[in-house]
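Okay, so here's the structure we're looking at.
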Amino acid sequence: QVQLVESGGGLVQPGGSLRLSCAASGSIFSIYAMGWYRQAPGKQRELVAAITSGGVTNYANSVKGRFTISRDNAKTMVYLQMNSLKPEDTAVYYCNRHPPRPNYWGQGTQVTVSS
């Protein structure tokens, strides 16, 4: 069983940056591929970025070149560095395994990009 707690969201102006953190419990965290997902109002949850246990990453086209996912297996943490934020990045952001497990969704962290 893995428990995931997201943090680091907030209100930021267009063009700004935020760094999201995901704290994971569970002794076998390091073998899981992990992902950051987001859900905007009225839209389905979507994958933003994923990282394998070995550090291979992939990104949604909409965030390529702006977002960077990383992980620290020793600290059982996953991060999402978000730069050049746009209003369309506004959403609740979640971390989960990749592919996601239904019972691992946490409360997420709200990111609002607005002037």
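Structure data summary
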{"item": "Top-ranked residue of the range 64-78 - restricted to ones that are of a type in the set (D, E, K, R) and assigned to a loop (DSSP other than H, G, I, E, B), ranked as surrounded by the fewest Cβ atoms within 10 Å (Cβ to Cβ)", "result": "Lys64"}
{"item": "Test result for Arg38, within 21 Å of Gln3 (Cα to Cα), touching a residue at least 24 places away in the same chain (Cβ under 8 Å), open to solvent by 30 Å² or more (accessible area, probe 1.4 Å) and within 11 Å of the chain's Cα centre (by Cα)", "result": "no"}
{"item": "Given (1) modelled with pLDDT of 95 or more; (2) farther than 16 Å from Leu18 by Cβ, index of the condition Ser70 fails", "result": "(2)"}
{"item": "Positions within the range 70-83 being in contact with a strand residue (DSSP E or B) (Cβ under 9 Å, 6 or more places away or on another chain) and among the small types (Gly, Ala, Ser), in sequence order", "result": "Ser70"}
{"item": "Count of residues meeting criterion [farther than 12 Å from Gln110 by Cβ and either under 10 Å from the mean Cα position of the chain (by Cα) or open to solvent by 40 Å² or more (accessible area, probe 1.4 Å) (or both)] in the range 80-94", "result": "8"}
{"item": "Matching residues, the range 41-66, being in contact with a helix residue (DSSP H, G or I) (Cβ under 8 Å, 6 or more places away or on another chain), among the small types (Gly, Ala, Ser) and in contact (Cβ under 8 Å) with a residue 24 or more places away in the chain", "result": "Ser62"}
{"item": "Enumerated strands (runs of 3 or more DSSP E) restricted to the range 10-63, each holding at least 1 residues that are within 15 Å of Gln110 (Cα to Cα) and of a type in the set (S, T, N, Q)", "result": "18-24, 34-39"}
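The values are calculated or read from the model by the stated rules, or taken from the named source; none is laboratory data. Quantities reported herein were computed from a predicted structural model and do not represent experimental measurements. Methodologically, a virtual Cβ is constructed for each residue, glycine included, from the backbone with ideal geometry; neighbour enumeration extends over all protein chains shown. For the accessible areas, the whole protein counts, side chains as well, though only heavy atoms, and no ligand, DNA or RNA atoms are used. Shrake-Rupley method; radii C 1.70, N 1.55, O 1.52, S 1.80 Å.
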